[in-house]
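The values are calculated or read from the model by the stated rules, or taken from the named source; none is laboratory data. Fair warning: this is a prediction, and the values are worked out from it, not measured in the lab. Note that we place each Cβ from the backbone using ideal geometry, even for glycine, and neighbour counts take in every protein chain shown.
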Amino acid sequence: GAVVSQHPSRVICKSGTSVKIECRSLDFQATTMFWYRQFPKQSLMLMATSNEGSKATYEQGVEKDKFLINHASLTLSTLTVTSAHPEDSSFYICSARGRELYGYTFGSGTRLTVV
Amino acid sequence: DAKTTQPPSMDCAEGRAANLPCNHSTISGNEYVYWYRQIHSQGPQYIIHGLKNNETNEMASLIITEDRKSSTLILPHATLRDTAVYYCIAPKAAGNKLTFGGGTRVLVKP
C-alpha cells in the first residue's frame, strides 16, 4: 500500500515552454502533497506544500508564479514549470501523506532537462 | 524540524552490519525520527521511524538513545543494493513537512 506514481519520469523541453508533472496517490487519499527539487550531488530541497482544495504554501525563494501547483483532488497534484529555462533543469520529486498515514511516500521523480 | 547531524559518508563491507548514526540533540518530546534512503536517481524510500522505543522491521532496526538526542539505523546484513544516501529527519510534528539534510552516503563494498 501507499504508492505514489509520478509522471513523466523524464522530460526534455525547449526554453520558454511549460512542463507539467503529475503526482498521483494510487491507493490512498493524499490530503497533503509536497514538491521537492534536487540538483546533482545535492540534497532534496522542499519547494512547496499543497493541501487538497487550497493554495500551495511555497518555501522562501521559490517563485509561485513560475512553479504552479494544483492539488485539485485527493489523489492528484500537479507541478507546472512555466517558461522553463536551462537553470530549471533538475530532478523533481513529489511526496504524499494521507489522513490515515503516518509516514510520507515519495514518487520516483521526474528528470527535467531544458534545452 | 529538529536539526539532525549525520556523517557525510561511510563504507561498509557486504554482509556485515552497517550502523548509521544520527544526532538530533534539539529534538522535542513529540518529534519522531524518520529514516529514508535514496538510491541514485530515484525517489526517497521509507525505511523506519520511531519516537522513543527501539523499532525493527524487515529492512532495518532503529535504536534511539534514552535521552532521544541520537539514534542509530542498523542494516543487519548490508548488500550491494543498500548503497544509497541515508537521511535521518525529525519533522516538527507528525505529518509536517520533511526537510532533508545532507544525509550519509553509504557505499557497500564487496
Q) Scanning for something over 24 Å from A:C23 (Cα atoms) and touching a Pro at 6+ places or on another chain (Cβ under 6 Å), does the range B:77-96 turn up at least one residue? A) no
Q.
I need the full set of residues from the range A:66-115 which are in a loop (DSSP other than H, G, I, E, B), buried (at least 21 other Cβ atoms within 10 Å of the Cβ) and over 10 Å from the mean Cα position of the chain (by Cα), in order please.
A. A:A84, A:Y104
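Yes/no matrix, rows are residues, columns are (1) surrounded by 13 or more Cβ atoms within 10 Å (Cβ to Cβ); (2) within 14 Å of chain A (Cβ to nearest Cβ); (3) at pLDDT 95 or above:
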| site | (1), (2), (3) |
| --- | --- |
| B:T4 | yes, yes, no |
| B:P8 | no, yes, yes |
| B:I27 | yes, no, no |
| B:Y46 | yes, yes, no |
| B:D67 | no, no, no |
| B:R81 | no, no, yes |
| B:N96 | yes, yes, no |
| B:G103 | yes, yes, yes |
Q: Give the range A:86-113 a look and list any residue that's more than 14 Å from chain B (Cβ to nearest Cβ) and out of contact with any strand residue (DSSP E or B) (no Cβ under 6 Å at 6 or more places or on another chain), or say none.
A: A:E87
Q: Could you please tell me which pairs satisfy a Cβ distance under 7 Å, a separation of 6+ or placement on different chains, a first residue in the range A:32-53 that is at the interface with chain B (Cβ under 9 Å from one of its Cβ atoms) and farther than 13 Å from A:S95 by Cα, and a second residue that is among the aromatic types (F, W, Y) and crowded, with 23+ Cβ neighbours inside 10 Å?
A: none
Q.
With the requirement that a residue be away from chain B (no Cβ under 13 Å), more than 16 Å from A:F67 (Cα to Cα) and in a loop (DSSP other than H, G, I, E, B), what does the range A:1-31 give you?
A. A:P8, A:K14, A:L26, A:D27, A:F28, A:Q29
Q. Condition test on B:I48, is it of a type in the set (V, I, T), assigned to a strand (DSSP E or B) and touching a residue at least 12 places away in the same chain (Cβ under 8 Å)?
A. yes
Q. Can you name the number of the only condition in (1) out of contact with any Pro (no Cβ under 9 Å at 6 or more places or on another chain); (2) within 13 Å of another protein chain (Cβ to nearest Cβ); (3) under 17 Å from A:H7 (Cα atoms); (4) at pLDDT 95 or above that A:V81 fails?
A. (2)
(Q) Anything in the range B:83-94 that is at pLDDT below 95 and away from chain A (no Cβ under 11 Å)? List them, or say none. (A) B:A90, B:K92, B:A93
Q: Output the residues belonging to the range A:1-58 that are on the phi > 0 side of the Ramachandran plot and of a type in the set (A, V, I, L, M).
A: A:A2
